Each structure stands twice: as structure tokens, then as C-alpha cells.
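Encoded as C-alpha cells, the structure appears first; notes follow it.
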Amino acid sequence: MNTKEKTFEVLMGELESLVSKLESDDLKLDDAIRHNEEAFKLINLCRDRLDSARQKIDKLVRNADGDWEEKPLD
């Protein structure tokens, strides 16, 4: 499964796994650098997914006439 097919939750799980590995004391420098680079890629992917989701979410608010209308989520 490529990255674009993975759900946000799967990406977050992978990120959490990388963070755990980075926090371990016995990680070699080269592995730490590789894990760090992958973690930043996952962070950016997750941020993009959240931004995309935010753009799709609207909220319902009452206007001055008392009618409901959709407004972008702040």
C-alpha cells in the first residue's frame, strides 16, 4: 500500500512507531537520521491530510434572519 492509499490513522501509527524508535537509547546515528527524515515526511503528509479535511468541513450558523447557512470552519 503506497502512502497516498494509507489512512490518516495508519500514517499516525507509523509516525508514533518512528518516534518510539527515535526515543530508544540504542539507536545508531544513521538509523536515527533515516527515521527522523521519514518522520518529517509523515508529519507533512498528516498535516496535508488535516488541512484537506478542514477545507471540507463547514459549520452551520444562524444568520441575521434566523435561517441556517453554511460557513467555513474557522
Name every residue in the range 12-41 that is part of a helix (DSSP H, G or I) and charged (D, E, K, R), in order of residue number. Glu14, Glu16, Lys21, Glu23, Asp30, Asp31, Arg34, Glu37, Glu38, Lys41
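So for the range 21-38 (the condition being in contact with a Pro (Cβ under 8 Å, 6 or more places away or on another chain), of a type in the set (D, E, K, R) and over 17 Å from Thr3 (Cα atoms)), does at least one residue qualify? It would help to see each step written out before you state the result.
Filtering the range 21-38 for residues in contact with a Pro (Cβ under 8 Å, 6 or more places away or on another chain) gives none.
No, every residue in the range 21-38 fails to be in contact with a Pro (Cβ under 8 Å, 6 or more places away or on another chain), of a type in the set (D, E, K, R) and over 17 Å from Thr3 (Cα atoms).
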Checked pairs for the range 22-43, first closer than 16 Å to Leu11 by Cβ, second of a type in the set (D, E, K, R) and in a helix (DSSP H, G or I), C-beta under 8 Å and 6 or more apart or across chains, list as His35/Lys21; Leu42/Glu14
Are there any pairs, at least 6 apart or on different chains, whose C-beta atoms fall under 7 Å, with the first in the range 2-20 and closer than 16 Å to Ser52 by Cβ and the second of a type outside the set (Ser, Thr, Tyr) and part of a helix (DSSP H, G or I), and if so, which? Thr3/Leu45; Phe8/Cys46; Phe8/Arg49; Leu11/Leu42; Leu11/Leu45; Leu11/Cys46; Met12/Cys46
Being surrounded by 11 or more Cβ atoms within 10 Å (Cβ to Cβ) and touching a Lys or Arg at 6+ places or on another chain (Cβ under 7 Å) is true for just one of Leu42, Leu73, Leu50, Leu15. Which residue is that? Leu73
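Quick note: the coordinates plus some simple rules give every number you see, no bench work behind them. Just so you know, these numbers come straight off a predicted model, no measurement behind them. Cβ: placed from backbone, ideal geometry, glycine included. Neighbour counts: every protein chain shown.
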